[in-house]
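K.L.:
Let me begin by handing over the structure; questions about it come next.
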Amino acid sequence: MKRTIIFLFLVLSGTFLFSQQSPVMYLSIMPKYSGNSCEITDADTAKISNFQNKMSIFRESLGNDLNERKEALDNFMENNEDQIRENMLGQQGYSKEDAQKLKNADNMSEEEKMAIANQMLMDKMGMDVNDFKNLAEMDTSAQKSWAQGYGTMMMADAMANPQKNQEEQKRFKDQFDLVSEQNYD
């Protein structure tokens, strides 16, 4: 699960990083058809064939570039997995010691893994694994009632202590601003 989340985060961040220049660059070198595609004559077949050959070369070049970028991203992820894990956990408010514990998760017993999962759930949501199991066993109407109650409790907590989530809200705002800026450029 953790590796899946890390992989998804890296793929998305890699997509944002690599997509900064590539679309414009590839649109500028993409071949253009110079004939009239509505009225094709026998003389236009040579133009069509030439265009198809250029498109084939363009697709091959694009495919090679994508494969190189994917390989570079995979190598980066593999070489920096520990640092990425530490950074992600640090952003969530966990210490480097917690990151070191999770690094050795493959060697941990199920009880140790559950203890760490319980600690993280309690820190973030104020619930443990047993609460989630009970929630999963509820019928739909009970789950909706629980969700409304939990949402009301979280809103009341945020209103009572606005400083508590200020850093997280600032981080979300910064990410939103960055994505908005990327979309307008």
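The values are calculated or read from the model by the stated rules, or taken from the named source; none is laboratory data. Predicted model only: the values in this text are computed from it and were never measured. Positions of Cβ are generated from backbone atoms using ideal geometry, with glycine treated the same way; all protein chains shown enter the neighbour counts. For accessibility, only protein heavy atoms count, side chains too; no ligands or nucleic acids. Shrake-Rupley method; radii C 1.70, N 1.55, O 1.52, S 1.80 Å.
K.L.:
Checking the structure you have, find out if any residue of the stretch 137-145 is closer than 29 Å to GLY90 by Cα, among the hydrophobic types (A, V, I, L, M, F, W, C) and either at pLDDT 85 or above or touching a helix residue (DSSP H, G or I) at 6+ places or on another chain (Cβ under 6 Å) (or both).
P.N.:
no
K.L.:
Need the failing condition index for ASN87 against (1) free of Cβ contacts under 8 Å to residues at least 12 places away in the same chain; (2) loosely packed, with under 12 Cβ neighbours inside 10 Å; (3) under 26 Å from ASN165 (Cβ atoms), just the number.
P.N.:
Evaluating ASN87 over (1) free of Cβ contacts under 8 Å to residues at least 12 places away in the same chain; (2) loosely packed, with under 12 Cβ neighbours inside 10 Å; (3) under 26 Å from ASN165 (Cβ atoms) leaves (2) as the failure.
K.L.:
From the set of residues in the stretch 133-149 that are closer than 23 Å to ALA117 by Cα and among the charged types (D, E, K, R), which is most open to solvent (accessible area, probe 1.4 Å)?
P.N.:
My answer is GLU137.
K.L.:
Follow-up question, since we're still on this one. State whether one or more residues within the stretch 56-76 are within 30 Å of GLU167 (Cβ to Cβ), touching an Asp or Glu at 6+ places or on another chain (Cβ under 8 Å) and open to solvent by less than 60 Å² (accessible area, probe 1.4 Å).
P.N.:
no
K.L.:
Condition test on TYR94, is it under 21 Å from the mean Cα position of the chain (by Cα) and among the hydroxyl-bearing types (Ser, Thr, Tyr)?
P.N.:
Against the criterion (under 21 Å from the mean Cα position of the chain (by Cα) and among the hydroxyl-bearing types (Ser, Thr, Tyr)), TYR94 qualifies.
K.L.:
Okay, moving on. Taking the stretch 150-170 on its own, how many of its residues are part of a helix (DSSP H, G or I) and open to solvent by less than 100 Å² (accessible area, probe 1.4 Å)?
P.N.:
Final tally of qualifying residues: 10.
K.L.:
I've got another one for you. Out of the residues in the stretch 176-185 meeting the condition of being open to solvent by 90 Å² or more (accessible area, probe 1.4 Å) and in a helix (DSSP H, G or I), tell me which one is farthest from ALA115 (Cα to Cα).
P.N.:
So the residue we want is TYR184.
K.L.:
Could you list, ordered by first residue, the pairs with Cβ atoms under 8 Å in which the first is in the stretch 168-184 and closer than 18 Å to TYR94 by Cα and the second is part of a helix (DSSP H, G or I) and open to solvent by 90 Å² or more (accessible area, probe 1.4 Å), at least 6 apart or interchain?
P.N.:
Taking only residues 6 or more apart or on different chains, the pairs are ARG171/GLN91.
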